[in-house]
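Let me begin by presenting the structure, written as structure tokens, before commenting on it.
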């Protein structure tokens with residue numbers, strides 16, 4: 001039986017209040033906690049892409065949301081992230097379960113990880129997309 005996980009970890013454009021998909025999340029999810037996982041974050045252009053790497057020295061930072069309607073929300077976000085059988089192959093992002101470090105321990109969350117080569121893309125050394133984006137635009 002597939003595990004039911006009602007948490008989603010987001011680290012990129014889904015944290016941007018001007019993004020229509022972020023607004024959808026806000027309407028269908030509840031902020032739970034800040035979170036992070038070991039890995040690298042890249043500037044892919046219009047959005048970031050995260051690569052999980054438990055041996056890496058830095059973290060990717062974001063937010064954990066409790067999903068109110070798991071089927072509806074994940075289908076909507078799958079389409080946004082280019083994930084699924086009906087999307088271009090290979091998928092731009094993959095959705096997988098990961099243990100995310102939160103304030104009071106590890107929480108299993110759905111996370112969208114970048115699924116294509118990152119050669120030539122700029123590493124976001126802070127691991128924080130919104131901070132990076134704000135510095136980049138000022």
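Summary table below
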{"read-out": "Only listed residue being over 11 Å from the mean Cα position of the chain (by Cα) and either crowded, with 16+ Cβ neighbours inside 10 Å or under 19 Å from residue 40 (Cα atoms) (or both), chosen from 131, 103", "value": "131"}
{"read-out": "Count of residues meeting criterion [in contact with a strand residue (DSSP E or B) (Cβ under 7 Å, 6 or more places away or on another chain) and part of a loop (DSSP other than H, G, I, E, B)] in the stretch 89-112", "value": "1"}
{"read-out": "Residues within the stretch 23-57 that are over 17 Å from residue 95 (Cα atoms) and part of a helix (DSSP H, G or I), tallied", "value": "5"}
{"read-out": "Some residue of the stretch 72-88 being in a loop (DSSP other than H, G, I, E, B) and in contact with a strand residue (DSSP E or B) (Cβ under 8 Å, 6 or more places away or on another chain)", "value": "yes"}
{"read-out": "Identity of the residue in the stretch 58-71, in a loop (DSSP other than H, G, I, E, B) and either modelled with pLDDT of 95 or more or out of contact with any strand residue (DSSP E or B) (no Cβ under 8 Å at 6 or more places or on another chain) (or both), that ends up surrounded by the fewest Cβ atoms within 10 Å (Cβ to Cβ)", "value": "69"}
{"read-out": "Unmet criterion (only one of (1) modelled with pLDDT of 95 or more; (2) within 25 Å of residue 66 (Cβ to Cβ); (3) surrounded by 14 or more Cβ atoms within 10 Å (Cβ to Cβ)) for residue 115", "value": "(2)"}
{"read-out": "Pairs with Cβ under 7 Å, 6+ apart, first in the stretch 94-111 and over 16 Å from residue 83 (Cα atoms), second outside any strand (DSSP E or B) and at pLDDT below 95", "value": "108/5; 109/5"}
{"read-out": "The stretch 80-91, residues that are within 14 Å of the chain's Cα centre (by Cα) and either surrounded by fewer than 18 Cβ atoms within 10 Å (Cβ to Cβ) or closer than 14 Å to residue 6 by Cβ (or both)", "value": "82"}
{"read-out": "Pairs where the first residue, in the stretch 112-131, is in contact (Cβ under 8 Å) with a residue 24 or more places away in the chain and on the phi > 0 side of the Ramachandran plot and the second is surrounded by 15 or more Cβ atoms within 10 Å (Cβ to Cβ) and part of a loop (DSSP other than H, G, I, E, B), C-beta under 9 Å, 6+ apart", "value": "127/11; 127/58"}
{"read-out": "Members of the stretch 51-74 found to be under 24 Å from residue 128 (Cβ atoms) and over 12 Å from the mean Cα position of the chain (by Cα), listed by number", "value": "53, 54, 55, 56, 57, 58, 59, 66, 67, 73"}
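The values are calculated or read from the model by the stated rules, or taken from the named source; none is laboratory data. Source: prediction; values computed, not measured. When we count neighbours, we look across all protein chains shown, and the Cβ atoms used for this are built from the backbone with ideal geometry, even at glycine.
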